[in-house]
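Worksheet for the structure shown next.
The values are calculated or read from the model by the stated rules, or taken from the named source; none is laboratory data. Keep in mind that what you see is a predicted model, and the values were worked out from it rather than measured. Please note: Cβ atoms are built from the backbone with ideal geometry, for glycine as well, and neighbour counts cover all protein chains shown.
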Amino acid sequence: MKIFELRYRILLCLLLGIFLSACANRKLEGMQPENNPTSENMELQKRAAIRLQLAVDYYQQGQYKVALEEVRQALLVAPDLVDAYSVRALIFMDTNDAQRAEDNFLHALKLSPNNSDISNNYGWFLCQNGREKESIQYFEKVLKDPTYPTPVKVLGNAGVCSLRLKDNVNAERYFMQGFREQPANPSINANLAKVFYDKGEYDKAKFYIGRVVKAEIMAADVLWLAVKIENKLGDQLAVTSLGTQLRRRHPNSKEYGLFQRGAFNE
């Protein structure tokens, strides 16, 4: 069974959309502070922001080499620009260059130890690279930041990494806290459904998966979990209906193959 994870490219877009929209109204973190900013300093700040925006745009298009060059150009203007190291770390993370990703995360954290966005992203990097236990301390650090605008994202990450550690008690705690914060979040609901399915509490699992299956766009693994829950509850009509959706939406998926074989316990 897959763990239902948020896609980090989407998170990167959200994070950097917030960051870049703020560039016009604040000095970029890492630019040299001045009591009376000169027009030259303001121009450097603008150039760094433009380069970083270009890096994000190219990254979203899958043009990683060009994106990295734009980050490099931004750092030529502002060598201690924290956000540039953070973006570069995420690009290396997405291109499976773990060592350089970690180097950039750690450098960004050295420059800005209390940056919650970087701590969350580094925690996710650790989780993705088999270092789940280390990741939890970074998520906990972010969750203690009362100003962090998207705690549900962090709670979801901590829950996923706890599941990987087979720490279902804390996984449930993180996901339930996320549910209280954002009851309609599909990833939180799907993961709670999985937690309760694994515990054999199928009625609770059905409650949470029911909050997800109404969505028009649903991943094959989520639909398959819904099928398995209804099968455990003995509702064959629901099993058939959900199986039809699985065939229509994901006919070539592994999950539909399992459904065709009736392999509900694999």
Legend entry - Condition check for Ala108: more than 16 Å from the chain's Cα centre (by Cα), at pLDDT below 95 and either in a loop (DSSP other than H, G, I, E, B) or farther than 30 Å from Val213 by Cβ (or both): no
Legend entry - Count - residues of the range 157-170 that are more than 17 Å from Val142 (Cβ to Cβ) and touching a residue at least 24 places away in the same chain (Cβ under 8 Å): 4
Inset, instruction - Kindly provide the set of residues from the range 70-104 that are among the hydroxyl-bearing types (Ser, Thr, Tyr) and either under 24 Å from Leu44 (Cα atoms) or more than 17 Å from the chain's Cα centre (by Cα) (or both), ordered by number. - result: Tyr85, Ser86
Inset, instruction - Taking Glu266 as meeting all but one of (1) under 29 Å from Arg131 (Cα atoms); (2) surrounded by fewer than 22 Cβ atoms within 10 Å (Cβ to Cβ); (3) modelled with pLDDT of 95 or more, write down the number of the exception. - result: (3)
Inset, instruction - Can you give me the number of residues within the range 149-208 that are acidic (Asp, Glu) and either surrounded by fewer than 16 Cβ atoms within 10 Å (Cβ to Cβ) or at positive phi (or both)? - result: 4
Inset, instruction - Kindly indicate the residue of the range 209-227 that is surrounded by fewer than 23 Cβ atoms within 10 Å (Cβ to Cβ) and small (Gly, Ala, Ser) and also nearest to Phe179 (Cα to Cα) among those meeting that condition. - result: Gly210
